Structure formats: C-alpha cells, structure tokens
Amino acid sequence: MRILVTGGAGFMGSNFIRHMLARHADLQLVNFDKLTYAGNLENLRDVEDDSRYVFVRGDLADEAAVEALFGAHAFDAVVNYAAETHVDRSILDPKAFLFTDVIGTYHLLEAVKKHGVGRMVQVSTDEVFGSVEDGTFNEMSPFEPNSPYSASKAGGDHLCRAYAHTYGTPVIVTHSCNFYGPYQYPEKVIPLFITNLLEGKNVPVYGDGQQVREWIFTEDHCRAIEAVLEKGIPGEVYNIGTEERRPNLELTRLLLGLCGRDASFIEHVKDRPGHDRRYAVDASKIRRELGWAPEVSLEDGLAKTVEWYKTHEAWWKPLKSGAYLEYYKKQYVMR
Ligand code: DAU
C-alpha cells in the first residue's frame, strides 16, 4: 500500500504516520506538509530514517506542487490531515483557512480524480455541524458552521461530497470530536492548560466554562482513520466520537488534579466570540459498520498526556516563546 498523508508533520498526522508504520510492514508512506507554525518535523524524529517513509515539503494550495507530487509518486490512498485547525486563529485571520481547507482540498480531489487514486479519506471535524443544545449530531445532520475555521472545513467537506456524487471520486469524510494527546501544539485547550500548569501559570477559562466538548485520545482516532481507510465505503461519511463529554470547567479540574495544582490557578477570561456551546457526536455508524470503538477513557488519556508533557519539556518549551507569544498576546487583545 502506497499512502500519501498530507499535513503529516502536525499533531494528528504525525501520530497517524507513527501508528501506520508500526502496524503495517509493507507500507510506503509519503508525508506532504507545508510546515506552518503547527507542523514540526520533531514530531517524527523517531521515524525519519525509516526506509518506508519520505517527507516532501509543499503547500496543498499550490496546484503545481500538488501536481508534481502526484506525478512523482503513484498512490493507492490519500489521507488528508492538512488543515488550519485553530478556531481562535481563524477569528483573528481567516484567509489561510480558506487556502488550505477549501482550495487545498479541491487540489487534492482533482489530483485523486486525475490519477485514479483508489481512495481518499478527508479528516474533518464535528464543528461543521455547529452547536447542539441536546442530543447528538449524526452523519445526516445539516452543516451549520459558526467560525471561519468550521466554515472552511465545511467547504472542503462539501467539495468531497460533490466529487463523490458527480465524478464518483472515492472519497470518504470523517467528522471527529476533539482530539488530544502527545505532540499537540500548546494552543489547544488541553496542552495549553497542562503546559501553563507545569510552568506555574494560570489557565484562561473562556466565559463561564460550561461549554461541552467530547474528547478522543489520539491513538483511538488513529485506529478510527485506519478502519475507515481499510473498510470504509467510498462516498460515505463516518462520525468519530467517544461519548466522553465534559464541560470545560470539569476538564480543567481534572487537569489541575493531574498537575498537582488547585482551583486558584483558574482564571475566567472573556468568552471566545461566537463560541459554540456544546458538541456531541453520534458515532454508532462507525461502531456498527466498521467495528471500531474507542479504548481509552478520558481519565486514562489525560493521565498519559500529562505524563508525556511532563517528560517532553524540550519539545514544547520552544513552542511557547517567539511567534507563539506574539499570537497569544494578539488573541488576548482581541478578547
Ligand atoms: O471539535 C473538533 C475540533 O476541536 C477540531 O476540529 C478543532 O481543530 C479543534 O481546535 C477543536 O476546536 P475547539 O474550539 O473545541 O478546541 P480548543 O482546544 O480551542 O477549545 C476547546 C474548548 O476550550 C472550547 O470550548 C474553548 C475552550 N478554551 C480554549 C482555549 C484555547 C478555553 O476555555 N480557554 C482556552 O485558552
């Protein structure tokens, strides 16, 4: 199997590459990544010398670069992890999100169609469904994106649907709940809070902290994408969820406990504009049809994650200085 993973230097993509190389001896894997602030080859240091793995630097929004990639390699499958993903950044500056998440997906779909690639998995988010007060989103729920980030992901996902419907392009879309685990860039709430607490800093809880998110440990998500890649039906959509739903304040208390800090480290700050109140995914289809189920509870996954950040200071410390600090200040000026 020859696989292209786009965005493989990011948090989820790099975990997926490591997962696939460990489980499939006969794999050839190309990682195509632009290396934005969130892409970090340190995430893949342990596999960079593997003869089955090749890294190519490039931008999905650059049509010629995508064409050159598909001209140089024959792929059996493509997994699209490349995306701008952080909601707060999309509120500050949406443009990059449109280029990568919409135009980039379009270039990939065109290449998959033109080169007859056997299948493409579009890794997407539950945020395209917007906020749900009660109950859950299923695969038929309407898209109601509320941030420039989720709108751009929705745009890419709509293109996937249209390509499958119009051209028979063998693309499958997944909508996952919130990921967490080792190597996640410390702007997302879990790694931000863990690293702040390890540094003895407060954690900024947006608004009343009663917003609910559903959480999946990275290894469980990797297994879900692997199942979709191997057994998913082209043209279908699969939600990925765990039912591990918690209000942000409850999540924060778990992190305080694991990091040995008390509630005085909680700082309530102004809310995120347009903040979605609750996400909740109905993942019965992937469980039923592909036999996937999550294996890691939130408590166990958080304990593993805190342990990883405690023992990998050299990885995250540099990420919280320089350009990160500039962004962080900007974000706070905005709120
Ligand atoms: O639902 C899946 C999505 O989850 C992914 O598609 C996105 O790429 C990913 O960024 C994530 O979106 P969220 O906005 O839910 O994740 P984030 O980690 O930014 O925030 C999680 C919750 O924590 C959210 O309710 C906002 C809150 N929060 C976040 C930050 C960064 C805080 O209270 N304080 C913070 O400093």
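The values are calculated or read from the model by the stated rules, or taken from the named source; none is laboratory data. Quick caveat: nothing in here was measured; it's all calculated off a predicted structure. As a convention, Cβ positions derive from the backbone with ideal geometry for all residues, glycine included, and neighbour counts pool all protein chains shown. Only protein heavy atoms, including side chains, enter the accessible area calculation; ligands, DNA and RNA are left aside. Shrake-Rupley method; radii C 1.70, N 1.55, O 1.52, S 1.80 Å.
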Could you list, in sequence order, the residues of region 72-91 that are in a helix (DSSP H, G or I) and open to solvent by less than 60 Å² (accessible area, probe 1.4 Å)? 87, 88, 89, 90, 91
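Out of 303, 280, report the one residue that is open to solvent by 30 Å² or more (accessible area, probe 1.4 Å) and among the hydrophobic types (A, V, I, L, M, F, W, C). First the steps, then the outcome.
Numbers: 280 fails: open to solvent by 30 Å² or more (accessible area, probe 1.4 Å).
So the residue among 303, 280 that is open to solvent by 30 Å² or more (accessible area, probe 1.4 Å) and among the hydrophobic types (A, V, I, L, M, F, W, C) is 303.
Quick one: how many residues across region 197-213 are among the aliphatic types (A, V, I, L, M), within 13 Å of the ligand (Cβ to nearest atom) and either under 21 Å from the mean Cα position of the chain (by Cα) or open to solvent by 10 Å² or more (accessible area, probe 1.4 Å) (or both)?
1
Considering region 110-130 alone, what residues qualify as being within 16 Å of the ligand (Cβ to nearest atom) and not acidic (Asp, Glu)? Walk me through how you get there before you give the answer.
So in region 110-130, the residues within 16 Å of the ligand (Cβ to nearest atom) come out as 121-130.
Hits for region 110-130 are 121, 122, 123, 124, 125, 128, 129, 130.
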Picking from 285, 310, the residue that is in a helix (DSSP H, G or I), in contact (Cβ under 8 Å) with a residue 12 or more places away in the chain and open to solvent by 40 Å² or more (accessible area, probe 1.4 Å) would be 310
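Do we find a residue being under 13 Å from residue 286 (Cα atoms) and touching a His at 6+ places or on another chain (Cβ under 6 Å) anywhere in region 197-210?
Residues of region 197-210 that are under 13 Å from residue 286 (Cα atoms), as a first pass: none.
No, the conditions are met nowhere in region 197-210.
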Checking 194, 216 in turn, the sole residue that is of a type in the set (A, V, I, L, M), under 16 Å from residue 296 (Cα atoms) and either more than 16 Å from the ligand (Cβ to nearest atom) or in contact (Cβ under 8 Å) with a residue 60 or more places away in the chain (or both) turns out to be 216
Look at residue 241 and say whether it is more than 9 Å from the ligand (Cβ to nearest atom), over 16 Å from the mean Cα position of the chain (by Cα) and open to solvent by less than 50 Å² (accessible area, probe 1.4 Å). no
Positions within region 26-74 being free of Cβ contacts under 8 Å to residues at least 12 places away in the same chain and more than 20 Å from residue 120 (Cα to Cα), in sequence order: 45, 48, 49, 51
Residues located in region 1-52, provided they are open to solvent by less than 50 Å² (accessible area, probe 1.4 Å), among the aromatic types (Phe, Trp, Tyr) and either farther than 19 Å from residue 308 by Cα or more than 19 Å from the chain's Cα centre (by Cα) (or both): 32
Expected output for region 323-335 (first residue more than 12 Å from residue 272 (Cα to Cα), partner open to solvent by 50 Å² or more (accessible area, probe 1.4 Å), Cβ below 9 Å, 6+ apart or cross-chain) is 323/37; 324/37; 324/318; 327/37; 327/92; 330/92
Positions within region 156-191 being touching a helix residue (DSSP H, G or I) at 6+ places or on another chain (Cβ under 7 Å), away from the ligand (no atom under 12 Å from the Cβ) and either open to solvent by 40 Å² or more (accessible area, probe 1.4 Å) or of a type in the set (Ser, Thr, Tyr) (or both), in sequence order: 159, 163, 167, 169, 183
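For residues that are part of a loop (DSSP other than H, G, I, E, B) and of a type in the set (D, E, K, R), scanning just region 92-141, find the one that is least open to solvent (accessible area, probe 1.4 Å).
Pass one, region 92-141, residues part of a loop (DSSP other than H, G, I, E, B): 93-94, 115-118, 130-136, 138-141.
Add one more test, that the residue is of a type in the set (D, E, K, R), and what stays is 93, 133-134, 139.
On the way: 93: 90, 133: 159, 134: 125, 139: 38 Å².
Within region 92-141, the match that is least open to solvent (accessible area, probe 1.4 Å) is 139.
Quick one: count up the residues across region 142-155 that are under 20 Å from the mean Cα position of the chain (by Cα) and either without any contact (Cβ under 8 Å) to a residue 60 or more places away in the chain or open to solvent by 60 Å² or more (accessible area, probe 1.4 Å) (or both).
Of all residues in region 142-155, those under 20 Å from the mean Cα position of the chain (by Cα) come to 143-155.
Add one more test, that the residue is either without any contact (Cβ under 8 Å) to a residue 60 or more places away in the chain or open to solvent by 60 Å² or more (accessible area, probe 1.4 Å) (or both), and what stays is 143-146, 148, 151, 154-155.
The total comes to 8.
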